[in-house]
Amino acid sequence: MNILTAWLRTYVPNIPVDDHKLAEDLTLRGIAVEGIHALGASSGKSNGHLFEMDITTNRVDAMNHYGIAREAATIYNLPLAPLNMKLPIGSLVDEPFSIRIAPEAKGLCGRFTAQVVRNVNIAPSTGKVAEYFTLLSQKQISNAVDASNFVLLGMGHPTHAFDLDKIEGGIIVRLAHKGEKLKLLDGTDRTLEADDLVVADEKKALGLAGVMGGWDSMITPETKNILIEAAWFDPASVRRSSRRHGLHTDASHRFERGADFNAAPTANALVAQLILENGGKPEGELIDLIDPEVQARTASRPPIELSVAQVKRHLGTTIDPAGITSEIVAQYLTSLGCDLLLHGLRQDQAVYATKLPSWRLDLEREIDLIEEVARVYGYNRFANTLPAPGIVITQPTDAKEAAVRTRLLALGFSESISSTFAAQPDSDLFYSSARAQNADRQNSGAPSFAVSSQRMGSSQSEPPSSNVSTIPVPMENPLSEEASLLRPSLIPGMVTMLAHNLNRDVREVRLFEQGQIFTGTIPADGTFISDVHETPQLSLGLTTAAAKYSNLYSAEDAPFFELKGAIESLLSLFDLKSGSENGSENGSGRGSRDTDLSFRPERSGVEKPAVPSTPQPSLTFITEAPAWLQPGRSSTALLNNQPIAHFGELAHTQREARKLRQPIYLAQLDLGRLYELPLRKITAHDLSRYQAVERDFSFVFPDATQWQAVSSAIHALAIPELQSLKPVEVFRDQKKFPGVYSLLLRTVFQSNDRTLRDEELTDWWSRIIAALTALGGTIRDGAATPPA
């Protein structure tokens, strides 16, 4: 919101600092000034500055000039000018205008004030209203309508003016009839629900209470008689109607957060004053209907006991030698609107019974008052002290989480945090329930997989029985449709963060997030979630516009292999052999434990590979991947033949649907399973004093032959002196040499206790050639052959 310093200073005339210092002091007290704009001068007089304010939602009292002025008066210990509520003496009436609150609206309208003004003159606004509205770029309509808006900006309470001659009978505050029609001031026709609160006359609804007035009773140039309304409406009721009808107005913004119960008469009188400046006369006294129960829980809350000793204990040492005294506490809280009554002494310090102001519904406990003292005193005036050391409890996975974080930061990724909530469409895409997966497999004739789940975080926890299913966990009262579920995957949040960067022309992004995902268990004989499970997961996101070409892959494929390398680097932190040795016969590496994750094969649409009869490397890769990854540009990493990660390029259909400017690459890893493995112990050994020997092999392989097969075939030879094996170059030319590719391998042999002999090298070379030939490879023309 915007605040005029010239307007603010009319309430506190003697502020001893300039506008820039005032903005700084307000910001230090939690009333943030985000921007300051000079407004020049008019008629030889400075217009001051315009403050762009960022007011937190709990401080509805500060969403106006008078509320900010109260803060300034408190900071500088100055008097705050009272609001003038005096009206001319009204004409006498035999019977006041009929106002009533229907029984079904009890509690929803806690206070309703009304003032009748007759023989008014509707004209353009003049004076301070026109001057301030011009400086604020506020639209001006007429003196009656502008008066209501002026009071809202000035002291913060919403009001509304009705054309009295268009009201049939009296005013009734009631619940709407289901299907009832109401045309609002914005010209839209609304169909009301039975729980919408309306201000009505005897025949029709006149306005949506706390949100917007109605078209049929609006002020026009022909209006002569006016009914001014200022009320207190229930925050939940206003919020419900505002969201249902998609209307967020200045009035609803304040009522939703809790308006001041006692401000209604003041606001009503201020509006009447402004209207009467152009002619007219009030009729009768102010009509004021009050619900005592609402008043008791808002404006007449019981006092809170405040001990100055507790203030000092919580806030600690100050820079000023005098510190926080009883006088300072009383001064600050009194300026903020509290009434303090000395209640006694405790530890030689005053104890006050503190009556809370009606406009500060956020103050509920003693600690809230202590926080107010600290805020006004200034957090910058407290000494920098550290809390006393206590017992630090570490989690079992802290060291592993730190190792993963450190490695990813070293690889150039930045840590990020996304929302804990997810939308239903994202859940349907990135997570599918086992029940649905099994149904699809049964319909297609494929075998279904039994899915079990368990609570993560304790290796001793017992998994539930197999006759359960897991689903995403819906929120009972979601903030929006985009946050209707607890997230079952970190991928939706990662996609959102990458898209956010791309939309702002940040085209080089590498992010990671470690967090919990949530699933719910439904028993086979039940219809509701019986348990909610938290599972640790890691997501990686990468997008680049400057991928580098390599002898092993094209620039287009570089991000995929960068992501694959990051996964391999992470897994290298852990002792993968430990999982293989301790695993069960099926190679799961976890005995009977089977963690329920959204990227398990039966969860993500990846068929479970058959368990080979011969020993395999602990980390392997297959081409199958979930549907949200692009086929042919994605993969699944298997740890001991069980999925540990999915990674690859986001499906092109999703990229187009989300209007992403360039490809993005994603990965998700099962941290729950990874953290069951111990961290790999780093060992060091003496460097060999003997010469290393390099040998290159140039082979032509069928396209179906993968690097994994080549590497496994060579390592299966168990040559102890083979220190290094790596691909150096890959060459493909599908036009000249369709269906094959050329691979240049580089091997390094070295012994720790002797110089290698030619016959040894020749034997190893021959064995390697034989192993690669058995895979279907042939020595490339012109490549060296082993000596005879």
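The values are calculated or read from the model by the stated rules, or taken from the named source; none is laboratory data. Since the structure is predicted, the reported quantities are computational estimates derived from the model, not experimental observations. As a convention, Cβ positions derive from the backbone with ideal geometry for all residues, glycine included, and neighbour counts pool all protein chains shown. Quick note on the areas: whole protein, heavy atoms, side chains included, nothing else; ligands and nucleic acids left out. Shrake-Rupley method; radii C 1.70, N 1.55, O 1.52, S 1.80 Å.
From the list A194, A200, exactly one residue is open to solvent by less than 50 Å² (accessible area, probe 1.4 Å) and of a type outside the set (S, T, Y). Which is it?
On the way: A194 fails: open to solvent by less than 50 Å² (accessible area, probe 1.4 Å).
Only one candidate passes the filter, namely A200.
Quick check: anything in the range 572-581 open to solvent by 40 Å² or more (accessible area, probe 1.4 Å), over 22 Å from V404 (Cα atoms) and not in a strand (DSSP E or B)?
Taking every residue of the range 572-581 in turn, at least one turns out to be open to solvent by 40 Å² or more (accessible area, probe 1.4 Å), over 22 Å from V404 (Cα atoms) and not in a strand (DSSP E or B).
Provide a single number: the residues in the range 58-88 that are of a type in the set (K, R) and more than 14 Å from Q331 (Cβ to Cβ).
Of the range 58-88, the ones of a type in the set (K, R) are 59, 70, 86.
Subset that is more than 14 Å from Q331 (Cβ to Cβ): 59, 86.
Of the residues in that region, 2 qualify.
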ask   = If you scan the range 520-552, which residues turn out to be within 23 Å of L408 (Cβ to Cβ), open to solvent by 10 Å² or more (accessible area, probe 1.4 Å) and either touching a residue at least 24 places away in the same chain (Cβ under 8 Å) or among the β-branched types (V, I, T) (or both)?
value = E534, P536, T544, A545, A546, L552
message = Cβ-Cβ under 9 Å, sequence separation 6+ or interchain: first residue in the range 2-22 and closer than 17 Å to M155 by Cβ, partner open to solvent by 80 Å² or more (accessible area, probe 1.4 Å) and assigned to a loop (DSSP other than H, G, I, E, B). Which pairs?
response = N2/S137; V12/P79
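For the range 747-778, what are the residues that are assigned to a loop (DSSP other than H, G, I, E, B) and either hydrophobic (A, V, I, L, M, F, W, C) or closer than 20 Å to W707 by Cβ (or both)? Show your work before the answer.
Here is the first cut: in the range 747-778, the ones assigned to a loop (DSSP other than H, G, I, E, B) are 750-757, 775-777.
Hits for the range 747-778 are L756, L775, G776, G777.
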inquiry  = of a type in the set (G, A, S) and not in a helix (DSSP H, G or I): which single residue out of A236, A264, A230, A251 fits that description?
reply    = A230
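Only helices (runs of 4 or more DSSP H) wholly contained in the range 276-368 count here; list those with 1 or more residues that are surrounded by 15 or more Cβ atoms within 10 Å (Cβ to Cβ) and touching a helix residue (DSSP H, G or I) at 6+ places or on another chain (Cβ under 9 Å).
Values: elements: 292-298, 308-315, 326-335.
In the range 276-368, 308-315, 326-335 are the helices (runs of 4 or more DSSP H) which contain 1 or more residues that are surrounded by 15 or more Cβ atoms within 10 Å (Cβ to Cβ) and touching a helix residue (DSSP H, G or I) at 6+ places or on another chain (Cβ under 9 Å).
Here's the yes/no breakdown for (1) in contact with a Leu (Cβ under 9 Å, 6 or more places away or on another chain); (2) among the charged types (D, E, K, R):
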site: H248; (1), (2): no, no
site: A267; (1), (2): yes, no
site: E285; (1), (2): no, yes
site: I328; (1), (2): no, no
request  = Starting from residues that are charged (D, E, K, R) and in contact (Cβ under 8 Å) with a residue 60 or more places away in the chain, keep the ones in the range 234-254 and report whichever is most open to solvent (accessible area, probe 1.4 Å).
outcome  = D250
ask   = If you scan the range 123-149, which residues turn out to be closer than 16 Å to G213 by Cβ and in contact with a helix residue (DSSP H, G or I) (Cβ under 7 Å, 6 or more places away or on another chain)?
value = A144, D146, A147, S148
message = Suppose we filter the range 255-268 for residues that are out of contact with any strand residue (DSSP E or B) (no Cβ under 6 Å at 6 or more places or on another chain), surrounded by fewer than 23 Cβ atoms within 10 Å (Cβ to Cβ) and not β-branched (V, I, T); how many remain?
response = 3
task = Would you confirm whether any residue within the range 700-723 is closer than 25 Å to S554 by Cβ and touching a Ser or Thr at 6+ places or on another chain (Cβ under 7 Å)?
result = yes
query = Taking the range 370-398, which residues are among the β-branched types (V, I, T), open to solvent by 20 Å² or more (accessible area, probe 1.4 Å) and either modelled with pLDDT under 90 or within 30 Å of C338 (Cα to Cα) (or both)?
reply = T385, I391, V392, I393, T394
